[in-house]
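Any read-out appearing in this document is the output of simple, stated calculations on the displayed coordinates, not a laboratory observation. In this text, all values refer to a predicted model and were calculated from it rather than measured experimentally. We place every Cβ from the backbone using ideal geometry, glycine too, and count neighbours over all the protein chains shown.
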Amino acid sequence: MHTAYITHPSYLLHDMGNWHPESPLRLRAIDDRLHAAHLFDFLAHREALAVTREQLLRVHDAAYLDAIEAASPREGIRALDPDTSMNPHTLEAARHAAGGAVLAVDLVMRSEVASAFVACRPPGHHATRNRAMGFCVFNNVAVAAAHALAAHGLERVAIVDFDVHHGNGTEDIFGDEPRVMLCSTFQHPFYPFRGADTVSAHIVNVPLPAGTAGPAYREAFGARILPRLEAFRPQMLLFSAGFDGHREDDMAQFGLVEADYVWITEQVMEVAARHAAGRIVSVLEGGYDLSSLGRSAAAHIRTLAGL
Ligand SMILES: [Zn+2]
């Protein structure tokens, strides 16, 4: 099996209310589409483990972890920020979301699979060292990148964040960590209103205006991200895989389609093949229109798997 597909039952139990766009139905939509496209049986299915406190402490403050544990409600829903809340299952889901990303790194580093997709919730890329925000509790992709450095001895890992929102939490965590390159494309100006003016040798932010569709997106990605990735020579590539830039997703105003997500995946796979022995870990972030989320994630996974 070329590609792992990592899930956990708790991902479906974290629920911030029927009105909330970041809903368990998102993962059902991806699963359904993988079945409909006859991809499901060609993936190596693995269940996430819980992240350890030591693994979380590489990217989050101890006081923040204590605060999240203390906030976990016995019943009902407790708000962490205006967009983000916990139900009694959220802490377990968040621990397994970060733990799923860690498992993905371990599987790829042990060459059990070439790549892995973590179909997790809650998402992570807005979570900073000490703050939950934007539907995110623990920064799953950051936990994975830090694990690749600390547990596997890698010296250069790169995160490609193609979610329509800026990966502000990941930038916050790795702003002073030159072993991690973050490349983020995002609608600007737009939530979370960060990143557009960052100047750093290893943080590559590409703000793009509302209305950006495939041709302009690919031009920017090709000109501003691929040369930087190539020069960095990452030993592992990670995706913050958000599909909310799809033209059918009304969370934002990009005009991407499935073929664009395939193109991004292929470009990064080529970098991974040259420098990282093909190692890719992809962690789900946003994507709120259920139909286009399912189709886009399936297209991304099909490409990763070489199917
Ligand atoms: Zn997003």
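Tabulated data
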{"quantity": "Members of region 1-26 that are in a helix (DSSP H, G or I) and buried (at least 20 other Cβ atoms within 10 Å of the Cβ)", "calculated": "Ser10, Tyr11, Arg26"}
{"quantity": "Qualifying positions in region 246-283 - in contact with a Leu (Cβ under 8 Å, 6 or more places away or on another chain) and among the hydrophobic types (A, V, I, L, M, F, W, C)", "calculated": "Phe254, Val268, Met269, Val271, Ala272, Ala276, Ile280, Val281, Val283"}
{"quantity": "Residue list for region 217-261, restricted to those being touching a strand residue (DSSP E or B) at 6+ places or on another chain (Cβ under 6 Å), within 15 Å of the ligand (Cβ to nearest atom) and under 19 Å from Ile280 (Cβ atoms)", "calculated": "Phe239, Ser240, Ala241"}
{"quantity": "Subset tally (residues that are without any contact (Cβ under 8 Å) to a residue 60 or more places away in the chain, assigned to a helix (DSSP H, G or I) and of a type in the set (A, V, I, L, M)) for region 41-84", "calculated": "6"}
{"quantity": "Residues of region 267-307 that turn out to be part of a loop (DSSP other than H, G, I, E, B) and either away from the ligand (no atom under 16 Å from the Cβ) or in contact (Cβ under 8 Å) with a residue 60 or more places away in the chain (or both), as a count", "calculated": "10"}
{"quantity": "Any pair with Cβ under 8 angstrom, 6 or more apart, that starts in region 119-131 at a residue that is closer than 15 Å to Asp163 by Cα and ends at one that is charged (D, E, K, R) and in a loop (DSSP other than H, G, I, E, B)", "calculated": "Arg121/Glu22; Pro122/Glu22; Pro123/Glu22; Pro123/Glu285; Gly124/Glu285; His125/Asp163; His125/Glu285"}
{"quantity": "Scope region 122-144; condition more than 14 Å from the ligand (Cβ to nearest atom), out of contact with any Asp or Glu (no Cβ under 8 Å at 6 or more places or on another chain) and more than 19 Å from Asp176 (Cβ to Cβ); matching residues", "calculated": "Val137, Phe138"}
{"quantity": "Residue within region 270-293 that is farther than 17 Å from Val160 by Cα, surrounded by fewer than 24 Cβ atoms within 10 Å (Cβ to Cβ) and basic (Lys, Arg) present", "calculated": "no"}
